[in-house]
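K.L.:
Once you've had a glance at the structure underneath, I'll fire off some questions.
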Amino acid sequence: MKEEAMEKFKKFLKTRGLKFTRERKIILDQVFSVHDHFDVEDLLYMFRKRKKQVSRASIYRTLSLLVESGLVGKVDFGEGRAYYEHVFGHVHHDHLVCKECGQVVQFEDQVIEKRQQDICKEHGFRLDYHTLNIFGICPECQKNGENN
């Protein structure tokens, strides 16, 4: 799947008149080796740990291109901070976010997906992508009496 993503990204860059540089390859490889949500700081830490020299600016620019290409999703779990995850080849999912402990639960619901598509169709809106984050209190925090 990583090779397919790389080919799709190369084609995307070509349509924008951009090159598939060594740094972009390193970033794409790392992004597709992470199987959870991550932020820019997480990627920087991973590169430093592997003794790879990748600039913060290159990470931001490449992540932006990966999101635009549809290979990576960008979400905000209510902290005003961007998190990313590779979405290419995966079924779309949404998130439940605990406001107390920050736990994120991923879920899939075809009824919600269908309804969102129907709403777009009703309004003549072309859907490119969407995110759904439901904020609340997880069962563990409820059990511990936080914010009841």
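Read-outs: derived from the displayed coordinates by stated rules, not from any lab. Every value quoted in this text rests on a predicted model; they were computed, and no experiment measured them. Note: ideal-geometry Cβ built from the backbone for every residue, glycine included; neighbour counts use all protein chains shown.
K.L.:
What ³J(HN,Hα) values, in whole Hz, does the Karplus curve 6.51 cos²θ - 1.76 cosθ + 1.60 give for the stretch 113-120 when θ = phi - 60°, with x put for Gly and Pro?
P.N.:
Working through the residues one at a time gives 4, 4, 4, 5, 5, 4, 4, 4 Hz.
K.L.:
Further question on the same structure: Using only Cα atoms, what Kirkwood radius does the stretch 10-116 have, in angstroms?
P.N.:
Hydrodynamic radius (Kirkwood, Cα pairs) of the stretch 10-116 is 15.2 Å.
K.L.:
What FRET efficiency comes out for the pair PHE125/VAL105, r = Cβ-Cβ distance, R0 = 22 Å, nearest 0.05?
P.N.:
0.20
K.L.:
Please list, in order along the stretch 25-41, the HN-Hα scalar couplings obtained from phi with the Karplus expression 6.51 cos²θ - 1.76 cosθ + 1.60 (θ = phi - 60°), rounded to whole Hz, x for Gly and Pro.
P.N.:
So the J values, rounded to whole Hz, are 5, 4, 5, 4, 4, 5, 4, 7, 9, 8, 10, 7, 6, 8, 10, 4, 4.
K.L.:
Using a Gaussian network model on the chain with a 10 Å cutoff between Cα atoms, which of GLN30, GLN103, GLN116 fluctuates the most?
P.N.:
GLN116
K.L.:
In the chain, what percentage of the DSSP-assigned beta bridges are antiparallel, given to the nearest 5?
P.N.:
70 percent
K.L.:
If one takes the longest principal axis of the Cα atoms in the chain, at what angle in degrees, from 0 to 90 and to the nearest 10, does the Cα axis of helix 56-69 lie?
P.N.:
70 degrees
K.L.:
In terms of Cα to Cα distance under 17 Å, which lysines are near enough to LYS51, apart from those fewer than 8 places away along the same chain?
P.N.:
Within the straight-line limit of under 17 Å, LYS51 reaches these lysines: LYS25.
K.L.:
Given 0.36 nm per residue, what is the gain on full extension from ASP76 to ASP42 after removing their alpha carbon distance, in nm? The partial results should precede the final answer.
P.N.:
Working: separation 34, 0.36 × 34 = 12.24 nm, distance 1.51 nm.
Contour length minus Cα-Cα distance gives 10.7 nm.
K.L.:
Let me ask another. Tell me the label-point distance for the pair LYS114, LYS143, using the 7 Å Cα-to-Cβ offset, in nm and rounded to one decimal.
P.N.:
Here the modelled spin labels are 3.4 nm apart.
K.L.:
Further question: Charges on Cβ only, +1 for Lys and Arg, -1 for Asp and Glu, centred on the Cα centroid of the chain; of PHE47, PHE125, ASN144, which one is farthest towards the dipole's positive end?
P.N.:
Positive-end residue among those listed: PHE47.
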